[in-house]
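The values are calculated or read from the model by the stated rules, or taken from the named source; none is laboratory data. Keep in mind it's a predicted model, so treat the numbers as computed, not measured. Because the Cβ atoms are built from the backbone with ideal geometry, glycine has one as well, and the counts that use them run over all protein chains shown. For accessibility, only protein heavy atoms count, side chains too; no ligands or nucleic acids. Shrake-Rupley method; radii C 1.70, N 1.55, O 1.52, S 1.80 Å.
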Amino acid sequence: VARMAHARGYEVILHLPLEAKNTDVKEEPDTIHSSMSDSQIVSRLKKELDSVPYIAGVSNHMGSKGTEDERVMSVILTELKKRHLFFFDSLTSQGSICREAARKAGVRYARRDIFLDIPNDPVYIEKMILKMRRMAFSSGNVVAVGHYRHNTISALDKYLPAMAAEGIRFVDISEMER
């Protein structure tokens with residue numbers, strides 16, 4: 001998928017699984033935990049980074065606990081700095097320390113403003129897309145996260161052409177540093 005995306009000119013981002021606060025959620029096999037040593041975190045991170053060609057940056061998958069842990073994020077961001085990669089915080093926790101940690105590490109940083117499709121309901125998704133549009137016009141930019149789901153793709157297909165005609169420009173996340 002990364003090779004195909006790159007060949008089509010899309011930015012490739014590693015969706016890195018980080019520990020969640022909610023212990024009831026199903027974790028990915030290579031989730032990074034706050035109980036891991038620095039060397040264990042680096043080892044797992046390198047494995048993940050090396051598994052995806054052409055990556056420009058990393059985002060957190062889940063990670064409400066991981067993105068609140070200064071040590072964990074410092075270890076991750078130090079490695080991203082070495083590879084000249086940005087960090088995109090999907091902001092799964094309002095207690096995220098990633099912005100400040102990225103600044104300290106000298107890593108480019110962006111964060112989510114709105115989720116489009118949680119829940120995965122067509123009416124809700126359309127409502128969020130219209131909210132995204134309003135946010136773009138009122139603040140000048142917005143970072144929206146949506147998932148590769150039928151309802152999301154259908155709603156985007158419906159609204160994006162008109163939004164582009166209104167002057168809204170859709171860009172890679174690396175252009176949305178904050």
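Structure values in brief
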{"item": "Under-5 Å amide H pairs with PHE115, H placed in peptide plane, nonlocal only", "result": "VAL145"}
{"item": "Length-normalised contact order of the range 1-148 in % [C-alpha pairs under 8 Å, at least 6 apart]", "result": "19"}
{"item": "Prolate/oblate/rounded label for the range 107-173 (Cα gyration tensor, a/c 1.5)", "result": "oblate"}
{"item": "Solvent-accessible area per residue, Å², over the range 5-142 with all protein chains present [probe radius 1.4 Å]", "result": "53"}
{"item": "Cβ-defined net charge surrounding GLU68, 13 Å radius [Lys, Arg +1; Asp, Glu -1]", "result": "-1"}
{"item": "Net +/- balance of residues flanking LYS47 in space, Cβ distance below 14 Å, scoring K and R +1, D and E -1", "result": "-2"}
{"item": "Residues whose placed amide H lies under 5 Å from that of ILE55, excluding near-sequence neighbours", "result": "none"}
{"item": "Residues whose placed amide H lies under 5 Å from that of TYR109, excluding near-sequence neighbours", "result": "PHE87, ARG178"}
{"item": "Label-point separation, LEU49 to GLU27 (7 Å along Cα→Cβ), nm", "result": "2.2"}
{"item": "Rounded to whole Hz, the Karplus (6.51, -1.76, 1.60) HN-Hα couplings of the range 166-172, x for glycine and proline", "result": "7, x, 6, 9, 9, 10, 5"}
{"item": "Cα gyration tensor shape for the chain, rounded if a/c is under 1.5, else prolate or oblate", "result": "prolate"}
{"item": "Per-residue ³J(HN,Hα) for the range 5-10, Karplus 6.51 cos²θ - 1.76 cosθ + 1.60, θ = phi - 60°, Hz, x for Gly and Pro", "result": "4, 4, 4, 9, x, 8"}
{"item": "Relative packing of 158-171, 30-43, which averages over residues the other C-beta atoms within 10 Å, highest first", "result": "30-43, 158-171"}
{"item": "Label-to-label distance, nm, for residues given as ILE118 and GLN40 (7 Å Cα→Cβ offset)", "result": "2.6"}
{"item": "Helix-only CD estimate at 222 nm, as mean residue ellipticity for the chain, using -39500 (n - 2.57) per DSSP H run (n ≥ 4)", "result": "-13000 deg cm²/dmol"}
{"item": "Cut-off 11 Å between beta-carbons: net charge of the residues surrounding ARG83, Lys and Arg +1, Asp and Glu -1", "result": "+1"}
{"item": "Global geometry of the range 10-53, whether rounded, prolate or oblate, following the gyration tensor of its Cα atoms and the 1.5 cut on a/c", "result": "oblate"}
{"item": "Carbon/sulfur fraction of accessible area - the chain, other protein chains in place, 1.4 Å, %", "result": "52"}
{"item": "Helix axis angle, 122-139 relative to the chain longest principal axis, alpha carbon, degrees", "result": "90"}
